[in-house]
Each structure stands twice: as C-alpha cells, then as structure tokens.
1. List every DSSP H helix in the chain whose Cα atoms extend 24 Å or more along the helix's own long axis and whose mean Kyte-Doolittle hydropathy is at least -1.0.
2. Using a 7 Å offset from the Cα along the Cα-to-Cβ direction at both residue 221 and residue 26, what is the distance between the two label points in nm, to one decimal?
3. Sorting 25, 268, 138, 15 on the 10 Å Cβ count, fewest up front, what's the list?
4. Rounding to the nearest 20 debye, state how big the charge dipole of the chain is about its Cα centre with +1 on each Lys and Arg Cβ and -1 on each Asp and Glu Cβ.
5. Once Rh is set to the Kirkwood radius over Cα pairs, what Stokes-Einstein translational diffusion coefficient, in µm²/s, holds for region 1-146 at a temperature of 10 °C and a viscosity of 1.306 mPa s?
6. For region 76-209, what mean projected area does the convex hull of the alpha carbons give, in nm²?
7. Considering amide H positions built from the backbone, and no H for Pro or chain starts, which residues 5 or more places from residue 75, or on another chain, come under 5 Å of its amide H?
8. Output the Cα-based Rg and Dmax of region 40-117 in Å, rounding Rg to one decimal and Dmax to a whole number.
Amino acid sequence: MNKKLILTLCLFVIVYVGVIVDQTVLRALHPEQTYCQVPTSAFLSLPEELTFASTYDNLILKGWYLSSLQQPAKGTLILAHGYRQNRLPEFPQAIDLVNSALTEGYNFLLFDFRNCGESEKSITTFGLLESYDLISAVELAHNLNPDLPIYVLGISMGAAAAVLAAEQSPLIKALIIDSSFADLKSYLSRHLPTWTGLPQFPFTYLLLSAGPRSAGLDIARVSPLRAAAKISQPVLMIHSQKDRRVPLSEGIRLYAALAGKHKELWIVPDGDHATAFAAYADEYRQRILSFLEKIRLTSTSEPDQLQGWSSNADRSFPARPVEHSG
C-alpha cells in the first residue's frame, strides 16, 4: 500500500469522524421538540395557560398552572421534566399523579424547558440554563401565591436542574429528585456511549472536548454534586436499581453529597431510567405526598408533635436507602 493511499484513507477517516461528531453534537444540543399531547380535559382542574420569560436570557417559556381542589392550598408543586421531553408525559400514571396532588391540596405548575414543547427554540444544556428556566417558574408560582411554599419534582435532566436551582433559590422549600446524574462531565466520560451508540474511543473524548466548547457550553458547571453540598432543603431521591442510562451509583453519590439532614432515598428495584412514576405509580404518588406532608408539618407543628419522622434528636428523615417493599 503506497503512502498516497494511506494518507487518503487517513484523511477520509478524519473527515468521517469529524462529520459524525458534528452531527452528534448538533442532535444533542438541538433535539427535536415534542409537544404535550395530554388534553386539558384530563385534569380535575382546568389548566391556565402560562407564558413567561427565563431569568437568564428572557427566552419565552410556556406552561400550565392548575389550581388545587382544596382551598386554601397547601403549596405549589412544579414539575421539571427530562431531556427531549415536555411539560407532562402522555401516560395515565403521570396524569393521575397531577390529579392526586390537586386532590390533596397542591397547586401544580407544568412547563416546557427551553427548546422543549411549546417554549422558544434555543440549545439544550442538560440542566445548566434549564435551572434558570426553573427558577423563573418558581418565581412565577411565588408571584401567583406568595404565601404558599413551593416544591419541585425533577426527573432526569430536570432533576439535575432542580438541584442547581435549589442552590440559588430559597423559594424552593423541598425537592423530589428522580434519576439524576451526579456530575455531568464525569458521568458522560463513562456513559456517553449509552446515549450516542458510538464507541468510547475515539468519540467520547472528541464529543466532550469539541462539542460543548463549540456551543459555548461548559459542562463542568453542570454539577448537582457540587450544588448538593450547598443546599439544605429536604430531599426525596428516587432511583432505579436497574437504570441503564444513569446508574444507581450516580444517585447514591448525589444522595451522599446532600448537605441537609432531611433526606430520603427510595431505590426502586425494577424499571429503567426515569420510569418509576409509571412502573410503581401508586407507591410513587404515596411517597411523594407523604414526603410533602412531612414538610408541611415541619412548618406548622412543633418537632415533638410530628408523626412519621425518625425519633433521633435532629428529627431527620431516614439517612439510609429505603428499598421497595413489593
């Protein structure tokens, strides 16, 4: 094989790899927007259309606000959805979760992150700029009902955004974190092929070095692990033991880093990434509503009058993982 042919083949491989990297980065940062297909008639409370701007760059965001069936309401719950998703998955279990919260006395705010659903096009940043979108939704919920506490249910990318937002916003009084990674850079360095389907070598290094830089995105800033050490809000963490996209080890790392003493970890034995809400719908609803009730009692009762809390001196939630009983 002569040198000219070898050089031609090398050039072809370089160009081919470069094209794959460029296309993969483009698809990752600009995933196709999917729109919520759940009809407004599916809810027990008629959704109010919301249009508001992100505090980061005034990007226009869209959503729904649903009022509690009990008045006065106990609080407002905000859903922060996952990557390539929208304000609410088209699953009966997701609709039931919203309706259960409405019945139990909670308002519900559903919205589309940037570049998702009906919100304005942008780039998807895997939780970084999405955390500012979430803070904007939190501030909107506070303006609508200034006297009510605000809680956030974050799923996957939305869970990471929720932890980042909680570090910045004291208006967030508690978090439910479902299937979050701990630190985006270290997570992707090990598990990027799970999302791309490309070999670890040479694509992971090229995608992580060239891709984010070309978009002006510093993935080192997307670290719920660092933010967790600075937040004190109560946290219920949910993670599947068999999660193939974001392994349980990521959730355990994040759980261990949480600075607050009031935290629970529910390890779901079955189901893949971010599917516990559907696979264990009844228990999912029960655990979330029970957790929120504990938070509510914390703010309205003396510590020695609380029920459902551990009996140790700091009145913390159980500090060990809670396995599914079924």
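Every read-out reported here was derived from the displayed coordinates using simple, explicitly stated rules and does not represent laboratory data. Please read these numbers as outputs of a predicted model, since none were measured by experiment. Every residue, glycine as well, gets a Cβ built from its backbone with ideal geometry; the counts of neighbours run over all protein chains shown.
1. Numbers: long enough: 3-29 (39 Å, 1.71); 128-144 (25 Å, 0.66); 281-300 (29 Å, -0.53).
Once both thresholds are applied, what remains is 3-29, 128-144, 281-300.
2. Roughly 2.5 nm, to one decimal.
3. Working: 25 20, 268 23, 138 27, 15 10.
In order of increasing Cβ crowding within 10 Å: 15, 25, 268, 138.
4. 1220
5. Values: Rh = 17.3 Å.
Value of D from the Cα-based Kirkwood radius: 92 µm²/s.
6. Values: hull surface 35.8 nm².
Its average projected convex-hull area is 8.9 nm².
7. 107
8. 12.7, 36
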